[in-house]
Amino acid sequence: MLDAAPLTDRPAPDQPVTDWLDAPTLHGHAVTLEALTEAHAADLAAGADEDTVRFLSRGGPDANTPGAWAGYIRRLNAIPARVNWAVRRLDTGVAVGRISFSEVKPGDRWVEIGTMLLPAAQGVGINPDAKLLLMVRAFEVLGANRVQFKVDARNARSVRAMLKLGAVQEGTLRQYQIRPDGFARDSVMFSVLRSEWSTVKAGLEGRVAAGR
């Protein structure tokens, strides 16, 4: 019988479950992450296009208007065991996306991260900065043993981004989620383990410093 992987290197004492569901403000090199509220709806509507929400597992707002985005934000915030942050650029003060602990499992010591960025925020160092902030929180503050990501198999850009991050591609969950439009989505699963975090962190820090 194989022994389970030891967890002796996780921070102590263990964090209360409530801490895993908090959304503190997190300050990075290019962005601030702050609790996602309806106040961010106008910025998101102003910068979004069809591709912004094309591959989201839960779909997007009903229309690209501040009111529809506000409704979308309310729906996200009503989902149990989900924690949502707005991604705000430091140079402009504008909200350019959201990033979430889309699933939180304190008992099993893992979280799942999901990200949505507006077109103007892609390829300019925003994504690695936001990912770095949440992964530091997961591994170094909460004591997670695993951070996972699920990507729509059709979204080649996001698959490449996960590989660039250094996450391990574990496989494809076939027809795993039914989107609001009725499409049965295949989800590609990626993960980073605590034992892999130092290498992934160094890569993210290098990309943040280089602005890419």
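The values are calculated or read from the model by the stated rules, or taken from the named source; none is laboratory data. On a predicted model such as this, the values are computed, not experimentally measured, just so you know. As a convention, Cβ positions derive from the backbone with ideal geometry for all residues, glycine included, and neighbour counts pool all protein chains shown.
If GLU170 passes every condition in (1) in contact with a Ser or Thr (Cβ under 9 Å, 6 or more places away or on another chain); (2) crowded, with 19+ Cβ neighbours inside 10 Å but one, which one does it miss?
Among (1) in contact with a Ser or Thr (Cβ under 9 Å, 6 or more places away or on another chain); (2) crowded, with 19+ Cβ neighbours inside 10 Å, the lone unmet condition for GLU170 is (2).
Take the conditions touching a strand residue (DSSP E or B) at 6+ places or on another chain (Cβ under 9 Å) and surrounded by 16 or more Cβ atoms within 10 Å (Cβ to Cβ) and apply them to LEU44. Does it pass?
Working: touching a strand residue (DSSP E or B) at 6+ places or on another chain (Cβ under 9 Å): yes; surrounded by 16 or more Cβ atoms within 10 Å (Cβ to Cβ): yes.
Here the answer is yes, as LEU44 does meet what is asked.
Looking only at the stretch 38-50, which residues are in contact (Cβ under 8 Å) with a residue 40 or more places away in the chain, in contact with a helix residue (DSSP H, G or I) (Cβ under 7 Å, 6 or more places away or on another chain) and charged (D, E, K, R)?
Correct list: ASP49 only.
Which of the residues that make up the stretch 188-203 are free of Cβ contacts under 8 Å to residues at least 40 places away in the same chain and within 16 Å of the chain's Cα centre (by Cα)?
VAL188
Of the conditions (1) touching a residue at least 60 places away in the same chain (Cβ under 8 Å); (2) surrounded by 19 or more Cβ atoms within 10 Å (Cβ to Cβ); (3) under 21 Å from VAL136 (Cβ atoms), ARG89 satisfies every one except a single condition; which number is it?
Condition (1) is where ARG89 drops out.
Using beta carbons and a limit of 7 Å, which pairs, at least six apart or on different chains, have the first residue in the stretch 23-37 and touching a residue at least 60 places away in the same chain (Cβ under 8 Å) and the second one surrounded by fewer than 15 Cβ atoms within 10 Å (Cβ to Cβ) and in a loop (DSSP other than H, G, I, E, B)?
Close Cβ pairs (under 7 Å, with a partner that is surrounded by fewer than 15 Cβ atoms within 10 Å (Cβ to Cβ) and in a loop (DSSP other than H, G, I, E, B)) amount to ALA30/LEU90; VAL31/LEU90; LEU33/THR25.
Considering (1) at pLDDT below 95; (2) β-branched (Val, Ile, Thr); (3) more than 24 Å from ASP181 (Cα to Cα); (4) surrounded by 12 or more Cβ atoms within 10 Å (Cβ to Cβ), say which one THR18 fails and leave the rest.
Unmet condition: (4).
Answer yes if at least one residue in the stretch 146-159 is without any contact (Cβ under 8 Å) to a residue 60 or more places away in the chain, crowded, with 19+ Cβ neighbours inside 10 Å, of a type in the set (S, T, N, Q) and part of a strand (DSSP E or B), and no otherwise.
There is at least one residue in the stretch 146-159 that is without any contact (Cβ under 8 Å) to a residue 60 or more places away in the chain, crowded, with 19+ Cβ neighbours inside 10 Å, of a type in the set (S, T, N, Q) and part of a strand (DSSP E or B).
If you go through the stretch 154-164 one residue at a time, do you hit one that is at pLDDT below 95, closer than 24 Å to ARG75 by Cβ, more than 15 Å from the chain's Cα centre (by Cα) and of a type outside the set (A, V, I, L, M)?
Yes, there is a match, as at least one residue in the stretch 154-164 is at pLDDT below 95, closer than 24 Å to ARG75 by Cβ, more than 15 Å from the chain's Cα centre (by Cα) and of a type outside the set (A, V, I, L, M).
Could you tell me which residue of the stretch 62-115 is farthest from MET189 (Cα to Cα), considering only residues that are of a type in the set (Phe, Trp, Tyr) and in contact with a strand residue (DSSP E or B) (Cβ under 8 Å, 6 or more places away or on another chain)? Outline the logic, then answer.
Residues of the stretch 62-115 of a type in the set (Phe, Trp, Tyr): 69, 72, 85, 101, 110.
From the residues that got through so far, the ones that are in contact with a strand residue (DSSP E or B) (Cβ under 8 Å, 6 or more places away or on another chain) too are 85, 101, 110.
Values: TRP85: 22, PHE101: 15, TRP110: 14 Å.
Across the stretch 62-115, the extreme among qualifying residues is TRP85.
Given the conditions (1) surrounded by fewer than 22 Cβ atoms within 10 Å (Cβ to Cβ); (2) not in a loop (DSSP other than H, G, I, E, B), and given that PHE139 satisfies all but one, which numbered condition is not satisfied?
(1)
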